[in-house]
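Have a look at the structure below before the remarks.
The values are calculated or read from the model by the stated rules, or taken from the named source; none is laboratory data. Keep in mind that this is a model prediction, so the values were computed, not measured. When we count neighbours, we look across all protein chains shown, and the Cβ atoms used for this are built from the backbone with ideal geometry, even at glycine.
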């Protein structure tokens, strides 16, 4: 291969000339590498030349590894011999939206990320190879001008880091882990880390630089063992269920066939709790337009069409036909129920009497139109108010509900946008004995978990504070999703991070409810669908409801086979990398059992399951490539294999079905 073609290959990948370590950078001292076990898959460079004569590619031959990578992984290439030349091994990882490239050799390792899923990433035609050089790496005197590199796809390359090293390079290890990071180790010593939610599917290896002979192997993937013991005599919270907010204007778009499909999906995924975002600011004082679509309060996301706040009582009847329940609260109060400043501007603080009148009237109309009032009502969602307001609202609401005959309707606390604010809100309400006595459930949204995506267990201390602030009140996790700008990605690894939050909410907060923010949302800009909602009407498939991302499958791993009335029971895992939660109950004289196993390690887990008397009928898998895939099992399960980054649900609980005439 010519020197020009080698240069073209490196430039096309955004790689620096070998040995071009950043000035003033500390040098990584490589430890001695201990040879790994197993045979592995061998590679050798240079490889045989391509037999093609009319399709020449300016790059060396590559070693294409045939495996499909799991969501989380650790892989190591071991160098047996490296003679001659000052080039570099180039390890290329690719996925549906982008990938990583690791270049190691000549005393330097460099990590770059590449995004190639949009023409908006393109810098224009005829990109020059020299544009890929890092700052300060100027061409040497007399060095040939690099050729023009015209990629046949859009691409943007970003350097994640580079470091110089000293020593005998014998191994390169990469890991994509549960902390949303991609890590590079040399001879077992960590060299570079990039924070990224990119999913990666395949990998390949090349050699770039001066002529050399390099031989080595890809080491076999490692596995681990774990043991999970379930003791169902030790019980915790009783589950109320799973669900979220269905944007009712989006539901209205579905049409008859789409609506039938929607009821089927709700039943199958057991999303039977509808959290109402009713008409608020546009609600008239007569309260006669709860379900008037034209009077809906617009709720905006970017350039998407409004997902308006409005009620559809016929929809609530459908939820109840499935055996579901309704949770109701205002976000923005009606203008006539808010205080005003001296200039007449509406404040967030309520006129408590008017607030209670609106809440009670909704319960009355709901009972008239659907046969039942909401099972639970909330104080208010994410609105900045004083603790004195929350106390007064709670006490007055309990009194108003009781006077109107809604004594069985429960009240959950104001839900702040994050756990930190929720802790302070709950502490404030607890200081008033009457307000706390009128509070049936503690709530808080948990959006600050996103600050811990790179260290999920760091959130445990805040959850412990939240649990303590909740006191004896059961907890409802009423709004969970990803909404930070940097995490707007169609990524299974992001969905797996959220699954860790579901586990933590169930096991540390004893949450009786898990609700995704939106179950159905009208989405034009897809990034809002990838992380904020489980489904959206698919405009390219007849406006049928369709999963927007991988978030549905990880949420479904918990929701699909845990029914209302089942209780969480003690489940202990021997491995920090394997999270286990179990539920038991009974229905129609049959014992119900479900266990959910989440492998957040980079290694396959062979799990020994000890649950006395438990027999399962189904095994479900949620993973990067499996959307709640179901297989039959029979009787006791002593051992199950859980791939890295996957969630396995074992259960004897059948999936729900829509009511007759709904689907």
Out of the residues in the range 323-347 that are in a loop (DSSP other than H, G, I, E, B) and either more than 30 Å from residue 562 (Cα to Cα) or over 35 Å from the mean Cα position of the chain (by Cα) (or both), state the one that is modelled with the lowest pLDDT. 344
Here are 463, 426, 496: which of them is in the same structural domain as residue 302 (by TED's automatic domain parsing), in a helix (DSSP H, G or I), over 16 Å from the mean Cα position of the chain (by Cα) and closer than 26 Å to residue 560 by Cα? 463
The lone exception for residue 116 - which of (1) surrounded by 18 or more Cβ atoms within 10 Å (Cβ to Cβ); (2) modelled with pLDDT under 90 it fails: (2)
Candidates 351, 360, 395, 365, filtered to the one that is in the same structural domain as residue 432 (by TED's automatic domain parsing), modelled with pLDDT of 95 or more and more than 25 Å from residue 426 (Cβ to Cβ): 365
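Yes or no, residue by residue, for (1) buried (at least 22 other Cβ atoms within 10 Å of the Cβ); (2) touching a helix residue (DSSP H, G or I) at 6+ places or on another chain (Cβ under 7 Å); (3) in a strand (DSSP E or B):
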| residue | (1), (2), (3) |
| --- | --- |
| 221 | no, no, no |
| 233 | no, no, yes |
| 237 | no, no, yes |
| 251 | no, yes, no |
| 279 | yes, yes, no |
| 282 | no, yes, no |
| 287 | no, yes, no |
| 299 | no, no, no |
| 307 | yes, yes, no |
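Given the criteria assigned to a loop (DSSP other than H, G, I, E, B) and more than 21 Å from residue 385 (Cβ to Cβ), does residue 445 qualify?
Values: assigned to a loop (DSSP other than H, G, I, E, B): yes; more than 21 Å from residue 385 (Cβ to Cβ): no.
It is false that residue 445 is assigned to a loop (DSSP other than H, G, I, E, B) and more than 21 Å from residue 385 (Cβ to Cβ).
Given the criteria surrounded by 22 or more Cβ atoms within 10 Å (Cβ to Cβ), assigned to a loop (DSSP other than H, G, I, E, B) and either outside the structural domain of residue 535 (by TED's automatic domain parsing) or at pLDDT below 95 (or both), does residue 613 qualify?
Values: surrounded by 22 or more Cβ atoms within 10 Å (Cβ to Cβ): no; assigned to a loop (DSSP other than H, G, I, E, B): yes; either outside the structural domain of residue 535 (by TED's automatic domain parsing) or at pLDDT below 95 (or both): yes.
Answer is no for this residue.
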Wholly within the range 156-202, strands (runs of 3 or more DSSP E) carrying at least 1 residues that are assigned by TED's automatic domain parsing to the domain that holds residue 86 and in contact with a helix residue (DSSP H, G or I) (Cβ under 6 Å, 6 or more places away or on another chain): 156-166
For the list (1) crowded, with 22+ Cβ neighbours inside 10 Å; (2) in contact (Cβ under 8 Å) with a residue 60 or more places away in the chain; (3) over 20 Å from residue 325 (Cβ atoms), I need the number of the one condition that residue 382 fails. (1)
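Considering only the range 502-547, give the strands (runs of 3 or more DSSP E) lying wholly within it that have at least 2 residues that are more than 24 Å from residue 416 (Cα to Cα). Quick ask: steps written out before the conclusion?
Working: elements: 511-520, 533-538, 544-547.
Fully inside the range 502-547 and qualifying: 533-538, 544-547.
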